[in-house]
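The structure under discussion appears below in the form of structure tokens.
Laboratory data are not the source of any read-out in this text; all were calculated from the coordinates shown. None of these values were measured; they are calculated from a predicted model. For neighbour counting, all protein chains shown are included, and Cβ atoms are generated from backbone atoms with ideal geometry for every residue, glycine included.
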């Protein structure tokens, strides 16, 4: 696996159960995956020699991020390396303009968009736009980086000029008037088998996902079915091998619009570790190894994942002690920590809370209770404070 982050770390956990050995290409020995797997190559994802050392003798090479230069992947393929997903598919997760054009050609729902080669292109696009504008770096952005939601055409033009001056490709698109953000994960094997998990709702704050509700509450069955079929179709049309995440906007009129693609395990699928018969990490390995795919049935009416984000003020209480107190209050919470140093806003882990049997995704109180427990747990791990004022020493 190219990249030694938390996705590689959690994929390593799944590899152990399958009797596989996962080698990781990590930047440093302190990277999350390098801390837990014995087979580590230290090097950069943009160094061909490091990529070749990581790939030597491997059955398959896959990724925990999309940042490997395509021309280097082409050289690995020329060397005879089995790269999954192949570069011809992965480019659609690396280059937003390539992705937009291909999905548009397939008839998939995407925002109206245009390539920007000069600031004047923004003015031309804005003249026919019905909504606010979004300016995006074509490559490299994530967690809200590389994206500017412009308040007016002047700001959009300025953002485009800044990107262009930095040597970054740019596109501009219409802002989608949305009800909420959704995501659907699918997996596809070289054999052509596909599998899809239920559509989830993702809650964003400052461009970063803070919560995932699985399945998405209040989603029309026909819309959910359409989202799953769309993900499977995209995976098949693009030749994806492995997990594909399709980030979606649910529009105010109940339609769907594709926002982003990722071809690897994804933050919106972390709930599957405890809430599905097959986790996204096991499924990704099954797919790239061309095993039959696993059952994606949820284990509970609702599972909520809450990201643990580094606090602005790092607590003096150790993380070990925070975990101790969390388990004392919520013994059913499932904690997944990434071995990362704490810093403000950094994803250092996540918590999954699986709803009790007998509930229903249509029961708003039931869903709210699971969401509340997940949010309380994640905030406690980040800040060492209970937002509801709970005190274990109060008389009960």
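Quick notes
- The chain: calculated mean residue ellipticity at 222 nm from DSSP helix runs of at least 4, using -39500 (n - 2.57): -10000 deg cm²/dmol
- Extended-chain gain in nm, criterion 0.36 nm per residue less alpha-carbon gap, residue 252 and residue 363: 37.7 nm
- Listed peptides 194-202, 368-376 by packing density, highest first (mean Cβ within 10 Å): 194-202, 368-376
- Peptides 46-54, 30-38, 227-235 ordered by packing proxy, namely the average of other Cβ atoms within 10 Å per residue, highest first: 227-235, 30-38, 46-54.
- DSSP-defined beta bridges in the chain - what % are antiparallel, rounded to 5: 90 percent
- Residue-span extension gain [residue 131 to residue 388] - 0.36 nm each, minus C-alpha spacing: 88.6 nm
- Highest to lowest packing among 332-344, 261-273, 7-19, 152-164, scored as the average C-beta count within 10 Å: 261-273, 7-19, 152-164, 332-344
- For the chain, a Gaussian network of Cα nodes joined below 10 Å ranks 138, 241, 168 by mean-square fluctuation, and the top entry is 168.
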